[in-house]
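Since the structure comes first, as structure tokens, the remarks are kept for the end.
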Amino acid sequence: MRRVYLDNSASTRVDDEVVEAMLPYFTEQYGNASSTHQWGQHAKQAIEDARAQVARLLNAQPTEIVFLSGGTESDNLAIKGIAAAHCSRGRHIITSAFEHPAVLASCDQLEAQGFTLTRLPVYREGIVRLKDVRAALTDETILVTVMLANNEIGTIQPIAEIGALVAERRAAGQRHLHLHTDAVQAVGKIPVDVKQLGVDLLTFTAHKIHGPKGVGALYVRRGVRITSQMHGGRHERDRRAGTESVPLIAGIGKAAELARVHMDERAVHMRQLRDYLEAQIIERIPDVSRNGDAEQRVPGVANFNFDFVEGEGLQISLDLKGIAVSTGSACSSGSTEPSHVLLAIGLPRDSGHGSLRFSLSKDTTREEIDYVIETLPAIVEKLRKISPRTKKKTAEHAE
Amino acid sequence: MYSPTVLAHLDQPRNAGAMEDAVSRGEATNPVCGDLLHLYLKIDAGRIVAASFQAQGCPPTIAAASVLTGMIEGLTPAQARNLAPADVTRALEYLPRNKEHCCVLAIDALRSALAAIPIEMV
Ligand SMILES: Cc1ncc(COP(=O)(O)O)c(C=O)c1O
């Protein structure tokens, strides 16, 4: 059976070149980067090389990059680290309704400790509006954290505009206001330049750009004070204790370099195939609708609602045909509610439809997309045939 | 995650679709997840001779309905009434814990259909 992996927003295949870059640090240069002997110094050099590669991808300085265990830890450190360091100046945080759980849960945690949260709406198109940010800002606000690209629908948020707004307030004297963005789903797909965005902190993880799982980075603009959330040795300039995983860090460095060098061609490739997939689905399957703004989004992600059927049935049926996608409406512990992202863009709570996310990569081929296009309509039709809701709807139409 | 039997029923549901000449029809919904199940029965000489279903729901709901329609064929309504959700779960091999309610839904739809059988046919 054919196997087609279209779940690259969940994780990607590690590039062969990245694996190769990691291997020496398992069995040859296995020293601890804190050690002063040559094993240690080789390891240290590898980390600094990777730091320079990641910094270059983001247009940052190497000293502004903190390595840690991934996007989740990076979001946690950014949000809790700012909150802890600046809570004496204010206890208000602004975020959006459809952030990744790593951001949402970190904010919830702070709310439980007495911080005030504003969760911005994202509207049908899945994009935060600047006027809402402006209206939400108070003298008490110490942090705005809004993702750069959403993980389920791919929509791009106006971070540079928010950055300009934050800079204005800061120039007017609100020195403790910070801007963080979770750029996990944007890096490697659209240009991500910390200076152009005007962010103080930016989160990024390797495994979404053909790097290994378990390693990520937090950009912390020079001069921005955060409180470490992990206590121990004096690693990463006192911002993240713990012996650095040298192989993983070598991997994120290589993946970052490849993402920088090949971004344009990868983006064009993913966009072309994504647009083809979308056009074909809309042409061949009735009663489908797309989620998220059609223009302002990353290449490579398509998210659809299929009326009258449930998402997990579609997803598992595709899996039986060798196709991996994800659904934003899986039934978890007895609730088939749409995901918080789909609810945030206004999808109804009832399970009148199922949603699927198709996420492509640089390695996706036209033949793979064709296989999906050939396979999907029959699955949707099969599930609709047994759905009691389909019948009602057609009957209503006939009346 | 799902047993081979669940996957087989999802891939090829048995007895799917509305039954035009059903003598009774039952319905059950899960108010939490919105799953909806219709069950149709045909009765002859005091026995269930055919059953079919329509479902909108997650894979275990479809599989539970599909397997149940096979289990009740040939039973008397009284025998069918004795079936419990655990019997359906067993017929599907196993289910993730948080999906066992799908078999409750199937049994609810069955009992609703059994209750709707005209009295002279029981
Ligand atoms: C937007 C976003 N933020 C954070 C994460 C978490 O990253 P990680 O898996 O490296 O912890 C993910 C990926 O799951 C993501 O999509």
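Quick note: the coordinates plus some simple rules give every number you see, no bench work behind them. Everything numeric here is computed off the predicted structure, so don't read it as measured data. For neighbour counting, all protein chains shown are included, and Cβ atoms are generated from backbone atoms with ideal geometry for every residue, glycine included.
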Residue-wise, which Karplus ³J(HN,Hα) couplings in Hz belong to region A:41-58, taking 6.51 cos²θ - 1.76 cosθ + 1.60, θ = phi - 60°, and x for glycine or proline?
5, 5, 5, 4, 4, 4, 5, 5, 4, 5, 4, 5, 5, 5, 4, 5, 4, 9
Among B:ASN82, B:ALA64, B:ALA18 the positive-end extreme of the charge dipole of chain B (Cβ point charges)
B:ASN82
Scoring region A:155-263 by relative contact order with C-alpha pairs under 8 Å, at least six apart, yields a percentage of 22 percent
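Mind sorting B:LEU110, A:LEU58 by how few other Cβ atoms lie within 10 Å of their own Cβ, fewest first?
A:LEU58, B:LEU110
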Find, among the GluC sites (Glu not before Pro) in region A:222-291, those assigned to loop by DSSP (not H, G, I, E, B) with at most 11 other beta-carbon atoms within 10 angstrom.
none
Within chain B, which cysteines find no other Cys whose Cβ is under 4.7 angstrom from their own?
B:CYS33, B:CYS102, B:CYS103
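Which value, in Å to one decimal place, does the Kirkwood hydrodynamic radius take for chain A when every pair of different Cα atoms is included?
22.2 Å
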Please rank A:CYS87, B:CYS33, fewest neighbouring Cβ atoms within 10 Å first, as an exposure proxy.
A:CYS87, B:CYS33
Before anything else, pin down the relative contact order of region A:16-259: Cα pairs under 8 Å, at least 6 apart, normalised by residue count, whole percent.
29 percent
Calc'd 3J(HN,Hα), region A:111-116, phi into Karplus 6.51 cos²θ - 1.76 cosθ + 1.60 (θ = phi - 60°), Hz, glycine/Pro = x, comes to 4, 5, 8, x, 6, 9
Given +1 on the Cβ of Lys and Arg, -1 on the Cβ of Asp and Glu, and no further charges, what dipole in debye does the protein assembly as shown carry about its Cα centre, rounded to the nearest 20?
1080 debye
Would you please state which residues of region A:219-249 a label at A:HIS37 would reach in this model, taking the label point 7 Å out along Cα→Cβ and a backbone N cut-off of under 20 Å?
A:243-247
Once amide H atoms are built 1.01 Å from N in the peptide plane, which residues 5 or more positions from A:ASP182, or in another chain, come under 5 Å H to H?
A:VAL146, A:MET147, A:LEU148, A:THR203
Counting other chain Cβ atoms within 10 Å of each Cβ in B:93-101 and taking the mean gives 2
Sum -39500 (n - 2.57) across every DSSP H segment of at least 4 residues in chain B, then divide by the residue count to get the 222 nm mean residue ellipticity, nearest 500.
-11500 deg cm²/dmol
Please list, ordered by chain and number, the residues whose modelled amide H lies under 5 Å from the amide H of A:THR12; skip anything fewer than 5 residues away on the same chain.
A:HIS210
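Mind checking region A:172-222 for trypsin sites (Lys or Arg not before Pro) that DSSP puts in a loop (not H, G, I, E or B) and that have at most 10 other Cβ atoms within 10 Å?
Those satisfying the criteria are A:ARG222.
Based on the Cβ-Cβ distance from B:GLN12 to A:GLU17, what FRET efficiency comes out when R0 is 45 Å, to the nearest 0.05? Write out the running numbers ahead of the final one.
On the way: r = 43 Å, r/R0 = 0.96.
Efficiency at R0 = 45 Å is approximately 0.55.
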In chain B, with Lys and Arg counted as +1 and Asp and Glu as -1 at Cβ, which of these residues, B:ALA91, B:ALA50, B:LEU114, has the Cα nearest the positive end of the dipole, that is, farthest along it?
B:ALA91
Rounded to the nearest 500, the 222 nm mean residue ellipticity computed for chain A from DSSP H runs (n ≥ 4, each -39500 (n - 2.57)) alone is -13500 deg cm²/dmol
Kindly work out what percent of the DSSP beta bridges joining two residues of region A:219-372 are antiparallel, to the nearest 5.
100 percent
Viscosity 1.567 mPa s, temperature 4 °C: give me the Stokes-Einstein translational D for chain B in µm²/s, with Rh taken as the Kirkwood radius over C-alpha pairs.
93 µm²/s
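Compute the relative contact order of region B:4-117 as a whole-number percentage, counting only Cα pairs closer than 8 Å that sit 6 or more residues apart in sequence.
32 percent
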Can you sort A:GLU152, A:GLU64 from fewest to most other Cβ atoms within 10 Å of each residue's own Cβ?
A:GLU64, A:GLU152
Short version: ³J(HN,Hα) in whole Hz for each residue of region A:182-194, in order, from phi by Karplus 6.51 cos²θ - 1.76 cosθ + 1.60 (θ = phi - 60°), x for Gly and Pro, what are they?
8, 9, 3, 8, 9, 4, x, 10, 10, x, 10, 10, 4
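Partner chain Cβ atoms within 10 Å, averaged over the residues of B:1-9 - can you pull that number for me?
Average neighbour count from other chains, rounded to a whole number: 1.
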